[in-house]
Each structure stands twice: as C-alpha cells, then as structure tokens.
Amino acid sequence: MKVRLDPASKRILVALLASPKTPGEVSRIYGIPVATVWEKLRRLQELGLVHMVLTFVDSAGEMRRYFEATLPIDTSEEDVVVEL
C-alpha cells in the first residue's frame, strides 16, 4: 500500500526523525497549529509511522507526550511516499 503524505505530515515526520518531540514542540518549530499537529499525529499513528515513546506529568501538572518516527523516511523528494 502506498500513502502520499501532505506537506504538514511530512514536516512532522522529519521533526520526529531527529529526536522525540511533543506536539507543542513540533507546533513551535514548524508553525503548524497544535490542533493540526495532534490530528496529523493520530493519522500517522494509525498508519504505523510514528509512536509515543514517553508520557509523564510535568511539575506544572500537565501531561507531556513524546512521539518519534518509526520508519526511515526519504526526505529527498518533495512528496513522501511510504509503502506499507
């Protein structure tokens, strides 16, 4: 199966390849609204391309969730095509 990813999903995957990040961090890095990041992350999780690696409650009482990419992604092309 081939999945063609939109530009926002590609940017999220590239960010998560470098190191695990929270949706808020991805939002700040790429200027994507955090609600959109969450929506894209849910879809990428369904596809098996990202997974949650860490969850904890910080000192302010907020839940922190860190995600990372689970596949090597070829970032050389403008469009990302993933075969599953």
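Taking residue 59 as meeting all but one of (1) farther than 27 Å from residue 2 by Cβ; (2) modelled with pLDDT of 95 or more; (3) polar (S, T, N, Q), write down the number of the exception.
Of everything listed in (1) farther than 27 Å from residue 2 by Cβ; (2) modelled with pLDDT of 95 or more; (3) polar (S, T, N, Q), residue 59 misses just condition (2).
Determine if the stretch 9-17 includes at least one residue that is not in a helix (DSSP H, G or I) and not hydroxyl-bearing (Ser, Thr, Tyr).
Taking every residue of the stretch 9-17 in turn, none turns out to be not in a helix (DSSP H, G or I) and not hydroxyl-bearing (Ser, Thr, Tyr).
For the stretch 68-77, indicate whether the set of residues that are at pLDDT below 60, under 17 Å from residue 11 (Cβ atoms), surrounded by 11 or more Cβ atoms within 10 Å (Cβ to Cβ) and within 15 Å of the chain's Cα centre (by Cα) is non-empty.
yes
Residue-wise test of (1) over 21 Å from residue 58 (Cα atoms); (2) free of Cβ contacts under 8 Å to residues at least 24 places away in the same chain.
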position: 2; (1), (2): yes, no
position: 11; (1), (2): yes, yes
position: 20; (1), (2): no, no
position: 28; (1), (2): no, yes
position: 37; (1), (2): no, no
position: 44; (1), (2): yes, no
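The values are calculated or read from the model by the stated rules, or taken from the named source; none is laboratory data. In this text the structure is predicted, and so the values were computed from the model without any measurement. Because the Cβ atoms are built from the backbone with ideal geometry, glycine has one as well, and the counts that use them run over all protein chains shown.
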